Structure formats: C-alpha cells, structure tokens
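S.K.: The structure is given below, and queries will be raised subsequently.
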Amino acid sequence: MSFIVNNWMLELIIVLSGAMLLWPLVQGRFSKIKEVGTLNATQLINRQNAALLDVREAKEYAAGHLPNAVHIPLSELGGRGPELAKLKSRPVIMYCERGPRARAAGSMLTKLGFADIYHLTGGFRAWKDAGLPVEK
C-alpha cells in the first residue's frame with residue numbers, strides 16, 4: 001500500500017497513457033465517419049458508385065488526384081457545401097495527402113447532412129503507394 005501512496009504520479013501516468021491508447025478505439029466506435037483502406041475504397045467505388053472528395057489545395061490536386069474526384073479544398077468546403085448536395089445519396093470517400101484534413105472535412109459533411117461518409121486511411125499517398133490509378 002505504501003508503494004501506491006509514494007508513487008501516485010507514476011500510477012497516474014500509467015492510467016493516462018492507457019486512456020490515450022484506447023481513445024482512438026472508442027472514438028472510432030462512436031464516429032459517423034468510417035475508416036476505409038485502399039482496397040475497400042476501390043470496392044465502394046466499383047460496387048456502390050462512391051463519390052471521391054479531394055480536400056487538398058489546388059496545387060496538390062494539380063500534381064495528381066484520384067480518378068473522377070471532386071475537388072473542394074478544406075478551406076472552401078463550408079461555403080461550397082451546397083455543390084455537394086447531389087452526392088448525399090451516395091457514399092462519399094474523402095481524402096487529403098495523408099489524412100488529417102479529410103477528418104476535419106468529415107465533421108463538416110456530417111453537419112451538412114451526409115450519412116455515408118468514409119475517410120481514406122493514409123490519404124492520397126496510400127493510394128499512390130498501392131499503385132492505384134492517378135490522374136493529372
């Protein structure tokens with residue numbers, strides 16, 4: 001018992017680090033945005049006619065993008081949301097270069113009323129590294 005009393009900060013660190021490790025699992029279960037890898041993204045595109053939303057900046061988009069992707073930079077997504085209204089009935093796969101901007105875009109899309117939202121894990125880089133087609 002004296003060990004617990006004398007080392008309460010160590011125990012606090014253990015509990016907090018465990019909570020930080022579990023947080024992504026808990027968050028994923030309650031999030032409306034689903035994670036999808038390149039293989040599952042390809043299946044969604046082919047089987048359910050999923051729409052691709054590129055939220056990178058124009059310069060990044062011009063350097064290469066997924067085939068038939070709709071390009072709306074994250075900075076413009078809030079103002080250009082009505083343009084996406086026609087896509088509400090389809091699954092939407094969002095991506096950026098590596099992932100963080102697409103997650104932010106996902107929360108914006110949920111506010112706009114989208115229900116079937118996917119985030120491409122690893123973003124454009126994972127798609128390109130998998131050897132999948134890219135347009136310029």
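S.K.: Might you check whether a residue that is under 19 Å from ALA126 (Cβ atoms), buried (at least 17 other Cβ atoms within 10 Å of the Cβ) and modelled with pLDDT under 90 occurs anywhere in the range 80-97?
M.R.: no
S.K.: Write out, first by first residue and then by second, each pair whose Cβ atoms fall under 7 Å of each other, whose residues are 6+ apart or on separate chains, and whose first residue, in the range 56-83, is more than 19 Å from PHE114 (Cβ to Cβ) while the second is modelled with pLDDT under 90 and part of a loop (DSSP other than H, G, I, E, B).
M.R.: From residues that are more than 19 Å from PHE114 (Cβ to Cβ), the pairs are GLY64/LYS136.
S.K.: While we're on this one: Any idea how many residues of the range 23-50 are at pLDDT 85 or above and open to solvent by 60 Å² or more (accessible area, probe 1.4 Å)?
M.R.: 9
S.K.: Can you tell me which residue is farthest from ALA126 (Cα to Cα) among those in the range 51-75 that are open to solvent by less than 40 Å² (accessible area, probe 1.4 Å) and of a type in the set (Gly, Ala, Ser)?
M.R.: Out of the qualifying residues, it is ALA51.
S.K.: Related question: Kindly provide the set of residues from the range 98-119 that are modelled with pLDDT under 90 and open to solvent by 40 Å² or more (accessible area, probe 1.4 Å), ordered by number.
M.R.: ARG98, PRO100, ARG101, ARG103, ALA104, SER107, MET108, THR110, LYS111, LEU112, GLY113, ALA115 - these are the residues of the range 98-119 that are modelled with pLDDT under 90 and open to solvent by 40 Å² or more (accessible area, probe 1.4 Å).
S.K.: Out of all the residues in the range 107-136, which are under 16 Å from PRO67 (Cβ atoms) and part of a helix (DSSP H, G or I)?
M.R.: GLY123, PHE124, ALA126, TRP127, LYS128
S.K.: Quick test for you: out of GLY122, GLY131, pick the one residue that is open to solvent by less than 50 Å² (accessible area, probe 1.4 Å) and out of contact with any helix residue (DSSP H, G or I) (no Cβ under 7 Å at 6 or more places or on another chain). Break it down stepwise before answering.
M.R.: Values: GLY131 fails: open to solvent by less than 50 Å² (accessible area, probe 1.4 Å).
Answer to the selection: GLY122.
The values are calculated or read from the model by the stated rules, or taken from the named source; none is laboratory data. These numbers come from a predicted model, not from an experiment. Don't worry about glycine lacking a Cβ; one is built from the backbone with ideal geometry, like all the others, and counts go over all protein chains shown. In case anyone asks, the SASA skips ligands and DNA or RNA and just uses the protein heavy atoms, side chains included. Shrake-Rupley method; radii C 1.70, N 1.55, O 1.52, S 1.80 Å.
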